[in-house]
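Data first, discussion second: the structure below is written as structure tokens.
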Amino acid sequence: MKVESKIMLGLGLFFGIIVAVYWFWGHDNTGSVMIFGGMLLGFLPGGYYWWWSRRMAARPEDDPEATQAQGAGVVGAFPATSIWPFTLAMGSFFVVLALVFGIWFLVPGLALVIWAAFGGVAESRRGGRV
Amino acid sequence: MTEVLDRPLLTPDHSPHEEHGPSGLLKWLTTTDHKIIGLSYTVTSVVMLVIGGALAEMIRFQLTTPNGTLVSLAQYNELFTMHGSVMIYLFAGPFAFGALANIMVPIQIGAPDMAFPRLNALSYWLYLMGSITMLSGFFTAGGAANFGWVAYAPLSNSTYTPGAGADLWIGGLLLTGFSAIFTGVNLVATIFYLRAPGMTMFRMPIFTWNMLVTAILILLAFPVLTAGLIMLYCDRHFGTHIFSVAGGGVPVLWQHIFWFWGHPEVYILALPFFGMVTEILAVFSRKPVFGYKGMVFATLSIGALSLGVWAHHMFTTGVVLLPFFSIMSLLIAVPTGIKIFNWIGTIWRGQIWFSTAMLMAIGFVITFLIGGLTGVYLASPPLDFFTHDTYFVVAHFHSVVMALVLGGMGALYYWGPKITGYLLNEAIGKIQFWFLFLGIQVFTIPMYMLGLDGMPRRMAVYPHDPQWQTLNDISTVGAVMIGLSTAIFVVNIVVSWKKYPAGDNPWDGQTLEWFTTSPPPHHNFYRLPQIRSERPTWDYNHPEHRSIGHTTPEPPRESERTSS
Amino acid sequence: MESPALSPQGVTARQRRWRRIRRVAALPLAALALSGCTVPNFGASPGATQSSRSVFHLWQGFSILAVIIGGLVVALILWSVVRYRRRGDTIPKQSQYHIPLELTYTIVPFLIIFGLFAATMVVENKELANPTTKVTVDVNAFQWGWRFTYPGHNAMVIGQTTQDPEMVIPVNTNVHINLTSSDVVHGFYVHAFNFSRYALPGVLNQFTFRAVQTGTFDGQCTQLCGLYHSLMFFRVKVVTPAQYQTWLATFTTPTAASAAAAAQKALQGQSATYVPTRVTTSRGAN
């Protein structure tokens, strides 16, 4: 996790320098706010990884001498099939159409989105088809 | 030294390659396998390439005479708007991070799938629905969006561009934008958390590194675009005046927001193709990537710098800080130059095998070099004032993006066999390469000359300047050659359909994807080699020729050895 | 071809500093720029204003470097492609790092970049200087035409699409332009001046140029502004100062003035009215 955190923190630091230079040179609100946001996006995950990297043992993927056997065990749950992404996307599609063609599209749109949200969560709790 | 162990079962209750579940259409709708999603992305984005290309041919044919009558002025505005939108939003990005990264990144790092398979599926469906939404503008009464792919306010507000086409453009872009953000999240999480044992960060293939930086850029840039689009929609329909002077808004704000996304987007498009080409050049020269670490740091610097250069698209607005954006933009030339010299270092003293993929990669380097060098001019404000919004700029970014098409085609020839299990015909591929490569130069070089002669972009007719006709005609010939190359590609797919079985490792590949079967099994690997360098498959196949770095003794070790 | 001369007005301390930097960092570039006669034009033209000529010399400098670097890279690629094509199944030496070489092609581009930047700043500061001017033209862009008014005079030229309104200015005189837009973003572009600038709604964009030769030059809107964008032409007619005064005088006759006013009225009906609620002048550009 150390390299990962260094990358993100490094980006955050770079954007921090840039936003300082840009703000004091150009006094432009728009750009400064946006680069400041970029800086946060570097520091937040970077800080999280750094915090964790100090509190956990090196993972096999961080160990240059690791053998494949060290990766044994459950990597994660990977659902093989799920209809909910498609349902959610169709719902979002109708919501977007509501922006264009009329508010009534929101009815099927939001219905599908809510249905997909419940369905997806329930699937995760059940374990789904893995 | 290179022992191979069976990959342990990935999930407690099922073997990774067990076939079960729905089939047919339902299988396609419900799949969460990154390879099938990636294939769907590939097919959809290549269809988008063909649609965008057809629009481009219509633009070029309109310009063959000074008073072209193929389309009306209004239709012409729709044509180039949708050509740009389809190519940028619906082809280049999704092809890179949706299609190839989605398939290759998990395999290259030895992961069983993307970190969030269902989110991955959602990305694809949002992308497909977004594409349909945007393109359906052509079937509305007022036609598709016609304010250019950059949608400068206030031209894009409801006063100057009423109609459903523009709203569909915004809606389609919202959907594809979310799709990109989700893919970005997925890629970062996959690369950070699902690497195989021994696959340290500095052993990841260059393509994976480039995709990591691309994904971070997506996360930095796309939310800004999405926010901007929502503001634009509010201006159009809810009576806000964010971008209109009349209510106290600031039209230039749109340009800031748009280009704050738009310039990182250029690198979101380019970096994946840099990665693909790096891998192709190394494999077909039978050498490791020259200056691997320099390449990684160059990629990271391009990513970091790309966030601070957006206003070089706005030099002629007169309201931006010229020296800052000029030097930041010029600085990007340094890491880009490092990459180009590293590519030369990679093929230097190699054993170059001129397969189609390799030809495409070399064509990429030369074409990108032209685009890159003309880009240096545009980073200089006085030269930008002079060429801004002329065909010089059009030619510059077409050199760049057509180079990406070369790289992408190379990647299809290179990685296609891994995904399908079958090779494409090499002879037809080489014909395709020459049509594409020469077509690109015939297409762009006249445009550079037109731009220097003062032809502005987005002109449907040029009645005052009939002397531009010859160069425009030559450019159209180039566009036709490029179109033919795409047709040749389709012919190649038909001709070589399931004809030339590829085997697991047809190119003597170096990275992990060439270790598994073609096509890979459900969770990608039955077994994995020990990973001791960034070329595990090469080390396994050629133990006597393992990478020997200039500075690191054998076996290569990373400085970041874990201490805790 | 003459060498670029710094305009005497508006030379600030900052510019002097840049000139000093130029002498150190971009000496070869400047030398090339000064010997402009023998250098090919790389597709561009010197143009008709004072700053268009320095832009042209900058163009030549950039182009020479681009040709050298591009030629070097292409030569290296072609050499590798010819020399190192596959000649058997032997595996080449697996060399991966060469730190001195890598450092060279990192540091040299840095130096080149700073040279280019210094040269850029010299030309840019000259081009964007706002020296004192005697002639001011208010240029207003609208869908799809141009309005040129001359503050302090009755003169006004207005025309849309193919009517090609003509902006008349005197030669060898600093002309100050106040550029505004009534509706959407337009681009004020005169090819012979090697210069363009956006006409932004709500922003007053100012710049100065000094034409050094008489003649009529084509101008055009370069930023997509809607349906008739392709036809939004204008012309810049550079005349001698005496001819300019004569031209201004024609607008004192009441018929000409009322005709212009009528034309303006007719056009204003078609384009959205310009509401300058928030006018910002350009900052940071100069």
The residue from A:Ala58, A:Ala77, A:Ala69 that alone is surrounded by fewer than 21 Cβ atoms within 10 Å (Cβ to Cβ) and assigned to a helix (DSSP H, G or I) is A:Ala69
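Residues A:Ala80, A:Ala58, A:Ala69: which one is within 22 Å of B:His34 (Cβ to Cβ) and within 7 Å of chain B (Cβ to nearest Cβ)?
Working: A:Ala58 fails: within 22 Å of B:His34 (Cβ to Cβ); A:Ala69 fails: within 22 Å of B:His34 (Cβ to Cβ).
So the residue among A:Ala80, A:Ala58, A:Ala69 that is within 22 Å of B:His34 (Cβ to Cβ) and within 7 Å of chain B (Cβ to nearest Cβ) is A:Ala80.
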Reported set for segment B:472-520 where residues are crowded, with 20+ Cβ neighbours inside 10 Å and at pLDDT below 90 is B:Ser518
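Among the listed residues B:Leu187, B:Leu194, B:Leu220, which satisfies the condition of being surrounded by fewer than 24 Cβ atoms within 10 Å (Cβ to Cβ) and either within 11 Å of chain A (Cβ to nearest Cβ) or touching a helix residue (DSSP H, G or I) at 6+ places or on another chain (Cβ under 6 Å) (or both)? Lay out the reasoning, then the answer.
On the way: B:Leu187 fails: surrounded by fewer than 24 Cβ atoms within 10 Å (Cβ to Cβ); B:Leu220 fails: surrounded by fewer than 24 Cβ atoms within 10 Å (Cβ to Cβ).
Just a single option satisfies the conditions, and that option is B:Leu194.
Hey, among B:Gly454, B:Gly439, which residue is without any contact (Cβ under 8 Å) to a residue 60 or more places away in the chain and crowded, with 17+ Cβ neighbours inside 10 Å?
On the way: B:Gly454 fails: without any contact (Cβ under 8 Å) to a residue 60 or more places away in the chain.
Only one candidate passes the filter, namely B:Gly439.
If you take just the strands (runs of 3 or more DSSP E) that sit entirely in segment C:173-230, which of them hold at least 1 residues that are charged (D, E, K, R)?
On the way: elements: C:174-181, C:186-190, C:195-199, C:203-210, C:215-221.
The strands (runs of 3 or more DSSP E) meeting that bar are C:195-199, C:203-210, C:215-221.
Among the residues of segment C:70-86, how many are more than 7 Å from chain B (Cβ to nearest Cβ) and closer than 10 Å to B:Gln351 by Cα?
Of segment C:70-86, the ones more than 7 Å from chain B (Cβ to nearest Cβ) are C:71-72, C:75, C:78-79, C:82-83.
Filter once more, so that each one left must be closer than 10 Å to B:Gln351 by Cα: C:83.
Result for segment C:70-86: 1.
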Checked against (1) closer than 28 Å to B:Phe138 by Cβ; (2) outside any loop (DSSP other than H, G, I, E, B); (3) modelled with pLDDT under 95, B:Thr69 satisfies every condition except (2)
In segment B:145-174, residues that are more than 24 Å from the chain's Cα centre (by Cα) and of a type in the set (Gly, Ala, Ser) total 7
Scanning segment B:136-155 residue by residue, those surrounded by 19 or more Cβ atoms within 10 Å (Cβ to Cβ), at pLDDT 90 or above and of a type outside the set (A, V, I, L, M, F, W, C) turn out to be B:Gly137, B:Asn146, B:Gly148, B:Tyr152
For C:Gln160, the lone unmet condition from (1) of a type outside the set (Val, Ile, Thr); (2) under 13 Å from C:Ala141 (Cα atoms); (3) within 11 Å of chain B (Cβ to nearest Cβ) is (3)
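For segment B:294-306, give me each residue that is within 22 Å of C:Leu116 (Cβ to Cβ) and either part of a loop (DSSP other than H, G, I, E, B) or in contact (Cβ under 8 Å) with a residue 60 or more places away in the chain (or both). First the steps, then the outcome.
Step one: of segment B:294-306, the residues within 22 Å of C:Leu116 (Cβ to Cβ) are B:298, B:301-302, B:304-306.
Those that are within 22 Å of C:Leu116 (Cβ to Cβ) and either part of a loop (DSSP other than H, G, I, E, B) or in contact (Cβ under 8 Å) with a residue 60 or more places away in the chain (or both): B:Ile302, B:Ser306.
Does C:Thr162 meet the test of being assigned to a helix (DSSP H, G or I) and within 23 Å of B:Gly451 (Cα to Cα)? It would help to see each step written out before you state the result.
Numbers: assigned to a helix (DSSP H, G or I): yes; within 23 Å of B:Gly451 (Cα to Cα): yes.
Yes; evaluated as a whole, the condition is true for this residue.
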Apart from one, (1) farther than 30 Å from B:Phe139 by Cα; (2) among the β-branched types (Val, Ile, Thr); (3) over 19 Å from the mean Cα position of the chain (by Cα) all hold for A:Ile103; the odd one out is (1)
(1) in contact (Cβ under 8 Å) with a residue 40 or more places away in the chain; (2) outside any helix (DSSP H, G or I); (3) among the β-branched types (Val, Ile, Thr) all hold for B:Val320 apart from (1)
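Among what's in segment C:170-199 and is closer than 15 Å to C:Phe217 by Cβ and of a type in the set (A, V, I, L, M, F, W, C), pick the residue that is farthest from the other protein chains (Cβ to nearest Cβ). Walk me through how you get there before you give the answer.
Step one: of segment C:170-199, the residues closer than 15 Å to C:Phe217 by Cβ are C:170-171, C:175, C:177, C:188-196.
Now narrow it down to the ones that are of a type in the set (A, V, I, L, M, F, W, C): C:171, C:175, C:177, C:188, C:190, C:192-193, C:195.
On the way: C:Val171: 21, C:Val175: 16, C:Ile177: 11, C:Phe188: 9, C:Val190: 9, C:Ala192: 8, C:Phe193: 9, C:Phe195: 5 Å.
The residue in question is C:Val171.
The values are calculated or read from the model by the stated rules, or taken from the named source; none is laboratory data. Everything quoted here is computed from the prediction, not taken from an experiment. Ideal geometry is used to build each Cβ from the backbone, glycine not excepted, and the neighbour counts take in all protein chains shown.
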